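Can you keep this structure in mind? I'll have questions shortly.
The values are calculated or read from the model by the stated rules, or taken from the named source; none is laboratory data. Quantities reported herein were computed from a predicted structural model and do not represent experimental measurements. FYI the Cβ positions are ideal-geometry reconstructions off the backbone, even for glycines, and counts take in every protein chain you see.
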Amino acid sequence: MTSNTQQAQAQVAVIGVGRMGRHHARTYKQMPGVQLKAVVDLDEERAHTVADEYGCVAYTSVDQMLGEHPDVGAVTVAVPTQHHRATAQPLLERKIACLIEKPLAPTVTDAKALVDCAEKHDAVLQVGHTERFNPAVRAAEALKFNARFLEVDRVSPMTFRSLDVGVVMDMMIHDLDIVLMLAQSPIKTVHAAGVAVLGKHEDVAGARIVFENGCVANITASRLALKTERKLRVFSESGYISLNYQTREGIVIHTDGDNRKALAKVRAQVAQGLDLSDLDYQDIVQVKELTFDLPPGEEDQLTAEQTSFLGAVRDGSRPTVDGPAGYAAVDAAERVVAAIKAHKWEGMEGSALLLDGAEDGV
Ligand SMILES: NC(=O)c1ccc[n+]([C@@H]2O[C@H](COP(=O)([O-])OP(=O)(O)OC[C@H]3O[C@@H](n4cnc5c(N)ncnc54)[C@H](O)[C@@H]3O)[C@@H](O)[C@H]2O)c1
């Protein structure tokens, strides 16, 4: 007989247990009130390995899994992006809640089809933009500053993974999602340039996005860097925020209170033409650490993401990163890639990708 406790537990499955999906399986397994029932992967051996590790059943077919576990009401979809729509659409049609890994889809057409399908069938759709659950990002979001100017850098050494897409869809999409959340305005214009070194897709990209409300974002992404750096800087009339995604730390300099007085004094001294070259800017303004009280167990971003997803499933609320947000990020990424392709360098033939053709041995 099933106990009340078991009945209240969310029954979940993970579809695609490669590099990312196995983390979803591990995290679900550790969450109280959640029963990981099954994993599905076309690679039978991989499915069995992960299922054995996390004590659930392995399948190579979603239909077979649902036939044997009809109570599974929520799944993570972590198959390669080009298969997101084909995998998730039939699930959404059955009202099964889907946490689809980022990016929502490889094209806006697929992304829109998934959003429309979820709306039509009243199914929960969350997109795996895990960075939204970074404590530093949550702390910055909670300040509710009007973002006026943003600078973002996400550079890493080459891992030789995800080479079927460019760095914009692979890495910059994390920042596009955050920037869209902070800018709170539709995109007006996009200028971008990119460099393809290892294949036909860009490995390095720089974009300047202007929003209809005047906010400007300069975003750089590289998967060919010699170091790892993930930074976001936000300028606003309310203050300045600097985040390090990697260390999950941040600082804020508010422009009110004592800082306002200190800055007014310095402005007056500058206007008088005083020599301030011995003054240290850091001694003038008060710099505060960004802190965010995370609920117990949610320090890990993936756990926080899954908790948010299952919360939306349970109470019918809108997920933190819903389908339209996932669509907006794909749309922004497509616009950046289109701008890269449209960019021309004087004296260079053909595509704007600086080393395009490298895959042909150029
Ligand atoms: N949130 C993040 O930071 C992050 C990081 C890496 C990858 N991702 C995303 O996660 C997704 C998966 O990426 P990955 O790196 O784990 O890929 P991967 O290739 O390591 O794993 C994909 C798995 O899906 C399986 N698979 C393929 N088609 C399938 C199908 N139709 N049904 C069932 N299983 C199928 C493959 O056998 C493989 O085991 C992608 O959308 C990627 O963009 C997100």
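Taking the stretch 316-328, which residues are more than 13 Å from the chain's Cα centre (by Cα) and more than 19 Å from T76 (Cβ to Cβ)?
Selection gives G316, P324.
Only one of L232, L279 is modelled with pLDDT of 95 or more and either in the same structural domain as L150 (by TED's automatic domain parsing) or more than 22 Å from the chain's Cα centre (by Cα) (or both). Can you tell me which?
L232
I've got another one for you. So, restricting to strands (runs of 3 or more DSSP E) that lie completely within the stretch 42-158, which ones have at least 2 residues that are touching a Gly at 6+ places or on another chain (Cβ under 9 Å) and either within 30 Å of S242 (Cβ to Cβ) or away from the ligand (no atom under 15 Å from the Cβ) (or both)?
97-101, 125-128
Is at least one residue of the stretch 3-17 free of Cβ contacts under 8 Å to residues at least 60 places away in the same chain, buried (at least 21 other Cβ atoms within 10 Å of the Cβ) and away from the ligand (no atom under 13 Å from the Cβ)?
No, the stretch 3-17 has no match at all.
Tell me whether the stretch 20-31 contains one or more residues that are of a type outside the set (K, R), surrounded by 22 or more Cβ atoms within 10 Å (Cβ to Cβ) and within 10 Å of the ligand (Cβ to nearest atom).
Within the stretch 20-31 (the criterion being of a type outside the set (K, R), surrounded by 22 or more Cβ atoms within 10 Å (Cβ to Cβ) and within 10 Å of the ligand (Cβ to nearest atom)), the answer is yes, since at least one residue qualifies.
OK, next. Can you tell which of T76, T60 is free of Cβ contacts under 8 Å to residues at least 24 places away in the same chain and within 25 Å of P106 (Cβ to Cβ)?
Going through T76, T60 in turn, just one is free of Cβ contacts under 8 Å to residues at least 24 places away in the same chain and within 25 Å of P106 (Cβ to Cβ): T60.
Hey, among the residues in the stretch 163-189 that are in contact (Cβ under 8 Å) with a residue 60 or more places away in the chain and either assigned to a loop (DSSP other than H, G, I, E, B) or assigned by TED's automatic domain parsing to the domain that holds A105 (or both), which one's nearest to A342 (Cα to Cα)?
Looking at residues that are in contact (Cβ under 8 Å) with a residue 60 or more places away in the chain and either assigned to a loop (DSSP other than H, G, I, E, B) or assigned by TED's automatic domain parsing to the domain that holds A105 (or both), I get G166.
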